[in-house]
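One structure below.
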Amino acid sequence: MDRRHAAERILKLRKEIDHHRYLYHVLNRSEISDEALDSLKHELVALEDEFPELVTADSPSQRVAGAVLKGFKKIRHGAAMLSLGDVFSSRELAEWESRIKKLLSRGEELDYFSELKIDGFAISLVYENGVLKSASTRGDGKVGEDVTENIKTIESVPLAIGFRDGMEQDREIRALASLYPRAVRAVKNLGRTVEIRGEVYMAKHTFDALNREQEKRGLPLFANPRNIAAGSVRQLDSKITASRRLDFLAYDIVTNLGQRTHEEEHIIAKLLGFRTDPHAKQCHDLSDVEAFWKHIFSIRDKLPFLIDGVVVQVNENAIFDKLGVVGKAPRGAVAFKFPGREATTIVEDIQVQVGRTGVLTPVAHLRPVDVGGVTVSRATLHNMDEIERLDVRAGDTVIIQRAGDVIPDVVRVLKNLRLKGLKPFHMPRVFCGEPVVRPKGEVLHKILHPDRCALVRRERFYHFVSKNAFDIQGLGPKIVDRLIDEGLVEDPADIFSLEEGDIAPLERFAEKSAENLIRSIREKKKIELPRFLFALGILHVGEETAIDLAGHFGTLEKIRAASESELSSVPNIGGVVAQSLFEWFRKKENEAFLKKLKDSGVHPKEAKVSRKPKKFAGFTFVLTGALRAMTRDEAKRRIRELGGDISGSVSRKTSVVVAGEDPGSKLDDAKRLGVKVASEKEFLSMIGE
Ligand code: IVH
C-alpha cells in the first residue's frame, strides 16, 4: 500500500476502533465482537509499523503498553488534589450544612449535587488541544506521579476528547444538549488545556476473575479491588496495568470552561466522551440527599463496582469556591459514608442445622453485633472444609462480613486473640437419631435417612407452604412450628382439614388472622401443577424442572406413571433428576402423602401440554436489574409462557440478557461473552407488550 492510501486507511481504522471502544467502554454497548475489534487493531498497528511517521498520540495503538520505566516522573498539579471530610449520619450531614450556611451571605440559596463515591484511585488527566497529554496520581495533593503510559491502557479513558461524529444523533446526547446549552458551548470552545479528574477502579467481576486466576495458579489472592486498582496504576511496566482491565469514571472538570455548576461538569464530561456516574443527581435540599443516599445504599450490591458512600457537594461552583478549603478538604463537599460491612465478634457456639434434603450445615452462633446497620447473630460456616480452612472454634474472635443481601460470612479468625484450650469442631456422628455420612468425593455431610428426622420433616413443611410452592399467606415457619407443637398438624396435608376453631384459641392468634389463614389455605386447594410438584420437595426438582415436567405430561397421574426413561426423555431433564423423581413416587410414605392430599381436596390443575413450538422455545433468558413495567416474577412467567427458560447466571449458552435499571455484574458477563443484551423496552416488544 502506498503512503497516501495507508494514511487514509489509518484514519478510518482509528475512527472505527475508537467508535467501538466508546460504545463498549463508555456506553456499555457493543456492535462487534472482541475478536473483530482486535483484528482491526492488528491491522492498524501493522500499518503504523510500516509508516511510523503516521503515528499520532491519540491513535488507539498508543494504548499498547510501552517500555518498562525506571521510576515515575513527578507532576505538579495546577490545582491541589484534595480529599473529602466524612459524615456517617443524617445528623452529621445536617451539622455540615449548618457550618457552611454560616459562611454564606443572606439570600444565597444552596442546592447540592450527589454522586457515587467510588472505591478506587483518583487520577488527574490533562488534555492539550484535545489530546491526552498526561495523567497523574494524587500523590501528596500538590505533586503526583506521572502514570500517563499506564492510564493510556485504560479503554474508558479517551485519548482525544470532544464531540464525536454522530454524537448528535444519539438520543440521550441530544436531550442533554438541549437541556444544557452552556455545557454544549463549553465542549465546542475547548481551550488549549483541559484538566479532568476522576476515579480509576476495577469492576467487581474483573476482580473476581483475577482472583480466580490467582487461585488457579496457586498465587496469593488480592484483598480488594481498590488496592489492586491503585497497585496496577503504579506499575512501572504498563503491560501489567493493561492486563488488569481497569475502568475510569470522570467526576470533576478542573479547568474553567464556563460551567456554573457541578452538575454541568458531569454533563460536559459526558459530552467530551467520558463515562460518568449515571446515578449522579442534583438535590434541592438535604432530604433529597438523604433519599439519594438511601436509594444508592439499597442498590449498592447491584452496582458493577464497589462504592463506600456518596459524595455530596454544593452545586453552585461560585459558592463552592467561596467556601474554600479547610485542611486538605473543601468545605463545600463531604463524603456521606455507608456503614462498614465488617465487624468483629465472638463465636459463642457452633451448631449444626439440617435442611430439607438432610444436608447438615454448621452455623456459628455469634455474640450479636451490628454489621452495616443490621444486627447479626448467626453466620453460616458452610461445611467442614470451610471450618478447617478457617480453623474456627467456639470461643474464637472472628471477623464477620455481610456482603449484599446474602447471609453473613465468617471471613477470618483472629488467632492472636484465641484463648488456650479451645477445641476444634467436629461433625456429630449421629444427628436427629440418624447416622451422619459424608459420601465419597462430596463436601457436605448428610444424615442417612432424612425421612426419619422430625427436623427435616419440619423443613419440608416450611418449603411446602413457601412463596414459590403453595404460597400460603400468613403461614411462615413460626406458625408452622406452633401448629406442629400444638399437635394440630403432622404433615402439610393436614393443614387442609384445619378449621378456624382449631387455631383461633392458640395463644396470640387473633380471630381475624385465624379466619384469614384458613381462607388462604382453602384457596390453594386448586393449585397449578408446577407449584404442586415443586412443593413436594423432591430432590433435584426445582421450579424450572417442575415447569418442564408439567408442560410435558400435563397431569400428576401421568408423571407418576412415567418410567425412568420416559422421564429422562423430557427436555432439560437428565438421568439424575429422572431417577430421583421415579424413586420418590415409588416410596410408600410418599404415595400415602399424595393420597392424603387428594382426600383433603387438593387438586393440581391440569397443565397445558405444549406441542407446537413457541416463540421462545430453546431460548434461555437471564434477568438483571429492576424492570419498571413488571415484577421479576411476572417477567419470568411471561418468558415461560412463550416457551423460554430462565437461568440465574450468564454463560455462552444464554440467548438474551434482559437488563433493567441498575443492572448487576450479569450485564458485564453478557458483554464479555458477547451475549445479546435487551433493554426493558426491547424485552417488552419481544413479549408483545
Ligand atoms: S470529589 C475534593 N467525587 O474520594 C476532592 N471524589 O475522599 C474531590 N472519590 O480522592 C473528590 N468517587 O479518590 C469525588 N464521585 C466522586 C468520588 C471521589 C470517589 C474519591 C477520590 C477522592 C476521595 C476523597
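Remark: the R99-L417 segment gains 110.2 nm on full extension, using 0.36 nm per residue and subtracting the alpha carbon distance.
Within the chain, antiparallel bridges make up roughly 80 percent of the DSSP beta bridges whose residues both belong there. Applying 1/(1 + (r/R0)^6) with R0 = 35 Å to the Cβ-Cβ distance of Q579 and E523 gives a FRET efficiency near 0.50. The local environment of H77, defined by Cβ-Cβ distances under 9 Å, has a net charge of +2 under the rule Lys, Arg +1 and Asp, Glu -1. Summing Lys and Arg as +1 and Asp and Glu as -1 over all other residues whose Cβ lies under 13 Å from the Cβ of G144 gives a net charge of +3. The residues of the chain have, on average, 52 Å² of accessible surface per residue, using a 1.4 Å probe with all protein chains present. Give, as a single signed number, the net charge of other residues whose beta carbon lies under 14 Å from the beta carbon of L23, with Lys and Arg counted +1 and Asp and Glu -1. Value of the local net charge: -2. Model label sites at E442 and S39, defined 7 Å from Cα along the beta-carbon direction, differ in position by 4.8 nm. The slack between D208 and E108, meaning 0.36 nm per residue of separation minus the straight C-alpha distance, is 31.3 nm. When nucleic acids and ligands are ignored and a 1.4 Å probe is applied, H42 ends up with an accessible area of around 140 Å². Excluding same-chain neighbours fewer than eight residues apart, the lysines reachable from K423 by a Cα-Cα span under 30 Å are K415, K440, K446. Across the stretch 574-671, Cα pairs under 8 Å and at least six residues apart give a relative contact order of 27 percent. Only helices at least 30 Å long along their own axis, judged from Cα atoms, and with Kyte-Doolittle mean hydropathy of 1.6 or greater: name those in the chain from DSSP H. The qualifying helices: there are none. Partners of K117 within straight-line reach, counting lysines whose Cα lies under 24 Å from its Cα and excluding those fewer than 8 residues away in the same chain: K101, K142, K152, K204, K270, K281, K294, K302, K322, K328, K337, K666.
With pairing defined as another cysteine C-beta under 4.7 Å, the cysteines of the chain that fail it are C283. The modelled label-to-label distance between K681 and D140, using points 7 Å beyond Cα along the C-beta direction, is 5.3 nm. Nearest 0.05, what FRET efficiency do V131 and R389 give at R0 = 56 Å with Cβ-Cβ as r? So, using R0 = 56 Å, E works out to roughly 0.65.
Placing dummy labels 7 Å off each Cα toward the beta-carbon, the span from L27 to H426 is 6.5 nm. Rg then Dmax, both in Å and based on the Cα atoms of the stretch 195-278: 16.1, 53. Which FRET efficiency value, to the nearest 0.05, do you get for E8 and N256 by plugging their Cβ-Cβ distance into 1/(1 + (r/R0)^6) with R0 = 56 Å? According to the calculation, E is roughly 0.90. Here the Kirkwood formula, the inverse mean of 1/r across different C-alpha pairs, assigns the stretch 568-689 a hydrodynamic radius of 17.0 Å.
Mean residue ellipticity at 222 nm, helices only, the chain: -11000 deg cm²/dmol; runs of at least 4 DSSP H residues each add -39,500 (n - 2.57), and the sum is divided by the number of residues.
Partners of K598 within straight-line reach, counting lysines whose Cα lies under 24 Å from its Cα and excluding those fewer than 8 residues away in the same chain: K467, K524, K525, K526, K558, K587, K588, K608. With 0.36 nm allotted per residue and the present C-alpha distance subtracted, the I299-R378 stretch has 26.1 nm of extension available. Each Cα pair of the stretch 94-229 feeds into the Kirkwood radius, which the Stokes-Einstein equation turns, at 10 °C and 1.306 mPa s, into a diffusion coefficient of 84 µm²/s. What a 1.4 Å probe finds exposed on the chain is 51% carbon and sulfur by accessible area, rounded to a whole percent. Diffusion of the stretch 219-374 by Stokes-Einstein, at 10 °C in a medium of 1.306 mPa s and with Rh set to the Kirkwood radius over alpha-carbon pairs, works out to 80 µm²/s. Computed over the chain, relative contact order equals 10 percent, with contacts defined as Cα pairs under 8 Å that lie 6+ residues apart. Using the Cα coordinates of the chain, the gyration tensor eigenvalues translate into equivalent-ellipsoid semi-axes of 54, 32, 27 Å, sorted from longest to shortest.
The values are calculated or read from the model by the stated rules, or taken from the named source; none is laboratory data. Quantities reported herein were computed from a predicted structural model and do not represent experimental measurements. All Cβ positions, glycine included, derive from the backbone under ideal geometry; neighbour counts span all protein chains shown. The area values use the complete protein model at the heavy-atom level, side chains included, leaving out ligands, DNA and RNA. Shrake-Rupley method; radii C 1.70, N 1.55, O 1.52, S 1.80 Å.
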